[in-house]
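First up is the structure itself, then whatever we jot down about it.
The values are calculated or read from the model by the stated rules, or taken from the named source; none is laboratory data. As the structure is a prediction and not an experimental result, all values here were calculated from the model. Neighbour counts run over all protein chains shown; Cβ positions are idealised from the backbone, glycine included.
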Amino acid sequence: MIQSVEYIDSHTGGEPTRVIVSCIPVLVGNTIAEKAADFAQNHSDLRRALVCEPRGSEVLVGALLLETHDPTCDVGVIFFNNVGVLGMCGHGTIGLAETVEHLGRISTAKFRMDTPVGSVEVRRSAKGQVSLENIASRRKSTGVRVTLLDGTVVTGDIAYGGNWFFLVSDHGRNLCMERVQELTEYTMEIRNTLAAQGITGDGNAEIDHVELFAPSENADSKNFVLCPGRAYDRSPCGTGTSAKLACLYADGKIQPGQIWRQESITGSIFEGCVSVIGGEVIPTIRGQAFVTGQGTLFLDSDDPFCWGIPT
Ligand code: PYC
C-alpha cells in the first residue's frame, strides 16, 4: 500500500521546517498537548517517515498542521524532529507562517497558534517579516555547575523558552562553522552530564537543548545550539533566544522592549525583546523564512526503509 503525504518545506535562517498538510493521523485527545502525547507515544514510525532519512535528515523539524479545539486560536501545531516531539519551535513557527501564507488558508497578518505548551500569537508583515509572541519564558537556575569527564567545570543557566535549555557563556570555545563537530561533541557531553547528574527542568523535564554564547561582530551575541537529535540549529533558535532573553531580563541586562539581536552559528539573525505581563516574561522573536519546496511524500509499505533507517 502506498500512502501519499503533502508537505511544504521552508527554511528560517538556514534551519529547515517541513509542514505536513495532508494525511495527518487521527490523534487521540481533546487538547493539542494530549494529541502531541499521542503522536509521540503511538506514531513514532510516521514521525520518522516524515522527517528522517531517506526522505529528510536529522536537521529537519516537522510540523503537523491541525484544527484546534481552542476557540481563541486559528490553527493547532505539533512540532517534531528525528527523536520526538518539541514543546514549541520558534524557527518552525516562522516557517509555518510563511507556509500558511503560501497556502493562502488564513490571513497571516495576525493569527494564533495552539501548541502543546501554550498559545502563540504570530504576525507576518507584507514584506515577510514574521514575529511571534512566545509563551512565558523563565530562568529556573543560574550558576549551575557541571563537571565533565576530564574534570572541567562548566557553569551555566537553566531556562525555559518552550523547550528546556542549558545556557553557557564561559566555555572558551570559538563559535564558527569550522568547529561544528567539536562544538557538537562538547555540547553533547554537557547534555549527557546534566542527565547523568539528574539536573533537569521543572517536573523532571529533560534539558535537551544546550546553547553556547560568544560575542558577535554583527549582533549582540552569537550562539551555537545543540538540538535534541544531535543536530545543531542553523538558525539562532527561537525558543533558545526566548530562554536567553529570560536570563538577560533576570540579570537586569535588558529592559522590556529593548531589542536583542541574536546571531546563529551560520550568521542568520533573530531579533527579540521581552514584555512583562503579570510578572511573566513574554519574549517576542522576529525573523524571516522562505518556502523552498512543495511536494508529495510516498510511504510504500513494501519499502524496507519506509519508516526511516533503523538506528
Ligand atoms: O527555533 O525554537 C526553535 C528550534 C527548536 C529546535 C530547533 N529550532
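Here are a few things to note about the model shown:
- 1 or more residues in contact with a Lys or Arg (Cβ under 7 Å, 6 or more places away or on another chain): qualifying strands (runs of 3 or more DSSP E) within segment 118-159: 118-124, 129-133
- The set of residues in segment 78-114 being under 24 Å from residue 269 (Cα atoms) and part of a strand (DSSP E or B) consists of 79, 80, 86, 111, 112, 113.
- Neighbours by Cβ (under 7 Å, 6+ apart or cross-chain): first from segment 207-223, not assigned by TED's automatic domain parsing to the domain that holds residue 273; second outside any strand (DSSP E or B) and within 16 Å of the ligand (Cβ to nearest atom): none
- Segment 247-266, residues that are in contact with a Lys or Arg (Cβ under 9 Å, 6 or more places away or on another chain) and surrounded by 12 or more Cβ atoms within 10 Å (Cβ to Cβ): 247, 249, 250, 260, 262, 263, 264, 265, 266
- Residue count, segment 222-256 (criterion: farther than 16 Å from residue 279 by Cα and in a loop (DSSP other than H, G, I, E, B)): 11
- Residues being under 19 Å from residue 134 (Cβ atoms), over 15 Å from the mean Cα position of the chain (by Cα) and either buried (at least 24 other Cβ atoms within 10 Å of the Cβ) or within 16 Å of the ligand (Cβ to nearest atom) (or both) - total across segment 220-244: 1
- If you filter segment 91-114 down to residues that are among the charged types (D, E, K, R) and at pLDDT 95 or above, you find that the one that is surrounded by the fewest Cβ atoms within 10 Å (Cβ to Cβ) is 110.
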